[in-house]
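Engineer: Got a structure for you, written out below as structure tokens; questions coming shortly.
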Amino acid sequence: MTKIALLLIFIAYLLTGCVAFNKSQSPVSIYDFGMQHAQTTKPILQQSLQHRKSLLIADATAPSWLDNNAIHYRLLYQNPTQSYTYASSRWLASPAALLTQQIRNRIVASTSEQVIKDNSTAKADYVLHIELEEFTQLFDTTDASHIVIGLRISLVERNTRKLLAQKDLSITEKTSTADAAGAVSALSSASNQLINELVDWLTAELSNVRP
């Protein structure tokens with residue numbers, strides 16, 4: 001066999017291997033929370049400009065294991081202390097970043113407060129801190145799961161740095177399917193409910209501190 005023939009066989013082998021490798025790779029599904037809508041139908045009360053307060057909504061923080069765009073799950077029936085992530089599904093951004101944007105949008109749409117997202121743009125009267133503590137799918141069995149979300153929110157007076165109020169919010173919800181798509185759907189729905197609770201709490205607390 002000539003050197004040219006051997007070379008052609010080698011090239012054909014490489015091409016075949018590349019095709020097989022590409023076929024074995026599964027496409028990655030990218031998710032966000034979708035279109036979020038306030039569930040409350042309460043009218044927004046317009047306040048006079050002199051009573052309106054400016055609110056800085058700080059970027060939500062998360063523990064290091066959750067500060068990424070992976071979709072996390074645990075197998076409670078097997079090893080509840082071990083955390084896993086889906087290989088072919090992930091968030092568009094970290095859950096903390098997605099929540100931050102949704103919370104800002106909801107507060108703007110549902111209240112008359114002046115929302116600030118950056119200290120450099122304007123001075124705020126109050127700061128809302130958000131800590132994402134849990135955002136996980138939990139498998140009770142191989143074909144049944146639920147999600148859990150945990151938040152801690154703190155309202156701080158910016159000038160004095162006084163903690164005015166703090167609250168822990170949590171929610172669980174069953175998934176429609178025991179897979180990544182089911183986790184995303186349930187986490188998105190539950191996040192929407194938690195944000196409604198957050199806005200109601202924030203509105204009440206700010207009304208208590210008005211002069």
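Residue by residue, here is whether (1) under 16 Å from ILE103 (Cα atoms); (2) part of a strand (DSSP E or B); (3) in contact (Cβ under 8 Å) with a residue 12 or more places away in the chain holds:
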site	(1), (2), (3)
LEU138	no, yes, yes
LEU151	yes, yes, yes
VAL156	no, yes, yes
SER170	yes, yes, yes
VAL184	no, no, yes
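Engineer: Among the residues of region 119-146, write down those that are touching a strand residue (DSSP E or B) at 6+ places or on another chain (Cβ under 8 Å) and among the charged types (D, E, K, R).
Structural biologist: Residues satisfying the conditions are LYS123, ASP125, GLU131, GLU133, GLU134, ASP140.
Engineer: Scan region 91-120 residue by residue and report those that are in a loop (DSSP other than H, G, I, E, B) and either acidic (Asp, Glu) or modelled with pLDDT under 95 (or both).
Structural biologist: Once the filter is applied, which keeps residues that are in a loop (DSSP other than H, G, I, E, B) and either acidic (Asp, Glu) or modelled with pLDDT under 95 (or both), region 91-120 yields THR111, SER112, GLU113, LYS117, ASP118, ASN119, SER120.
Engineer: Quick check on this structure: which one of ALA144, ALA183, ALA190 is open to solvent by 10 Å² or more (accessible area, probe 1.4 Å) and among the hydrophobic types (A, V, I, L, M, F, W, C)?
Structural biologist: It is ALA144.
Engineer: Next question, about the same structure. Going by the structure shown, is LEU128 open to solvent by less than 30 Å² (accessible area, probe 1.4 Å), closer than 17 Å to ILE195 by Cβ, assigned to a strand (DSSP E or B) and modelled with pLDDT of 95 or more?
Structural biologist: Here the answer is yes, as LEU128 does meet what is asked.
Engineer: Need the failing condition index for THR136 against (1) at pLDDT 95 or above; (2) of a type in the set (Ser, Thr, Tyr); (3) more than 30 Å from TYR77 (Cβ to Cβ), just the number.
Structural biologist: (3)
Engineer: Scan region 51-79 residue by residue and report those that are free of Cβ contacts under 8 Å to residues at least 40 places away in the same chain, part of a strand (DSSP E or B) and within 18 Å of ILE147 (Cβ to Cβ).
Structural biologist: ALA70
Engineer: Return yes when ALA204 is without any contact (Cβ under 8 Å) to a residue 40 or more places away in the chain, assigned to a helix (DSSP H, G or I) and either in contact with a helix residue (DSSP H, G or I) (Cβ under 8 Å, 6 or more places away or on another chain) or over 19 Å from ASP32 (Cβ atoms) (or both) and no when it is not.
Structural biologist: Answer is yes for this residue.
Engineer: Report whether or not ARG161 is open to solvent by 10 Å² or more (accessible area, probe 1.4 Å) and at positive phi.
Structural biologist: Against the criterion (open to solvent by 10 Å² or more (accessible area, probe 1.4 Å) and at positive phi), ARG161 qualifies.
Engineer: Residue check: is ARG158 among the basic types (Lys, Arg) and more than 16 Å from VAL199 (Cβ to Cβ)?
Structural biologist: yes
Engineer: Can you tell me which of (1) outside any loop (DSSP other than H, G, I, E, B); (2) touching a residue at least 40 places away in the same chain (Cβ under 8 Å); (3) surrounded by fewer than 15 Cβ atoms within 10 Å (Cβ to Cβ); (4) more than 19 Å from the chain's Cα centre (by Cα) is the one SER88 doesn't meet?
Structural biologist: Result: SER88 passes all but (4).
Engineer: Can you name the residue in region 18-39 that is open to solvent by 60 Å² or more (accessible area, probe 1.4 Å), part of a loop (DSSP other than H, G, I, E, B) and of a type outside the set (D, E, K, R) and is also modelled with the highest pLDDT among such residues?
Structural biologist: Selected residue: VAL28.
Engineer: Could I ask something else about it? With the structure loaded, tell me whether SER110 is of a type in the set (Ser, Thr, Tyr), more than 23 Å from SER170 (Cα to Cα) and open to solvent by 20 Å² or more (accessible area, probe 1.4 Å) or whether it fails that test.
Structural biologist: Spelling it out, it is not the case that SER110 is of a type in the set (Ser, Thr, Tyr), more than 23 Å from SER170 (Cα to Cα) and open to solvent by 20 Å² or more (accessible area, probe 1.4 Å).
The values are calculated or read from the model by the stated rules, or taken from the named source; none is laboratory data. Everything numeric in this text was worked out from a predicted model, so none of it was measured. Glycine gets a Cβ as well: all are built from the backbone with ideal geometry, and neighbour counts include every protein chain shown. Calculation scope for accessible area: heavy atoms of the full protein, side chains included, ligands and nucleic acids excluded. Shrake-Rupley method; radii C 1.70, N 1.55, O 1.52, S 1.80 Å.
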